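The values are calculated or read from the model by the stated rules, or taken from the named source; none is laboratory data. Quick caveat, the model's predicted, so the values are computed rather than measured. Cβ placement follows ideal geometry from the backbone for every residue including glycine, while neighbour counts extend to all protein chains displayed.
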Amino acid sequence: MVETENAYQAQPLEVTSTATDGITVVSVAGEIDHNSAGPLIEALGLGELGDPPRVVVDLRQVSFMDSSGINVLLAAHRDIAPASGWLRLAGVQPYVMRTLELVGVHHIIPCHPGLQEALAA
């Protein structure tokens, strides 16, 4: 009998923030799940954003998102909206978009095909 052990190790999530013309662009790369969401939570904290907080989350390089990522985005939207700001998503990959559509996030947070469209909206 051969025993094998498969241990899942979350890959680190790469999150960078840049500000241009009063808009914060949060670029995310990797998989967003319970184990990796910390950097995204920090980047979307109101203390890190402009006043009013205008934020585009660039998801072009996100290969997976579970309910943890959805909760992070909804919490950010909840915090940003009362501060007269907005949150938009850009470049959502089809497999991630399907998840957002299943739970209706795309009705709450505008999704744009690319970064330029999200910035111009």
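Worth pointing out:
- Residues located in the stretch 14-47, provided they are crowded, with 20+ Cβ neighbours inside 10 Å, β-branched (V, I, T) and under 11 Å from the mean Cα position of the chain (by Cα): V15, V26, V28, I32
- Residues satisfying the stated conditions in the stretch 10-60, i.e. of a type in the set (D, E, K, R) and either under 16 Å from G91 (Cβ atoms) or in contact with a Ser or Thr (Cβ under 8 Å, 6 or more places away or on another chain) (or both): E14, E31, D33, E48, R54, D58, R60
- Flag if A118 is surrounded by 14 or more Cβ atoms within 10 Å (Cβ to Cβ), modelled with pLDDT of 95 or more and farther than 18 Å from P12 by Cβ: yes
- Any hit, the stretch 54-65, residues being surrounded by 14 or more Cβ atoms within 10 Å (Cβ to Cβ) and outside any strand (DSSP E or B): no
- Matching residues in the stretch 25-45 - criterion: being assigned to a strand (DSSP E or B) and either touching a residue at least 60 places away in the same chain (Cβ under 8 Å) or out of contact with any Gly (no Cβ under 6 Å at 6 or more places or on another chain) (or both): V25, V26, S27, V28, A29, G30, E31
- Pairs linking a residue in the stretch 68-84 that is under 11 Å from V55 (Cβ atoms) and without any contact (Cβ under 8 Å) to a residue 40 or more places away in the chain to a residue that is β-branched (V, I, T) and in a helix (DSSP H, G or I), with Cβ atoms under 8 Å and 6 or more positions apart or on different chains, are L73/V105; H77/I108.
- Condition met for I80 (surrounded by fewer than 20 Cβ atoms within 10 Å (Cβ to Cβ), touching a strand residue (DSSP E or B) at 6+ places or on another chain (Cβ under 6 Å) and more than 15 Å from M97 (Cα to Cα)): no
- Residues that are within 12 Å of the chain's Cα centre (by Cα), of a type in the set (K, R) and closer than 17 Å to S63 by Cα, drawn from the stretch 88-121: none
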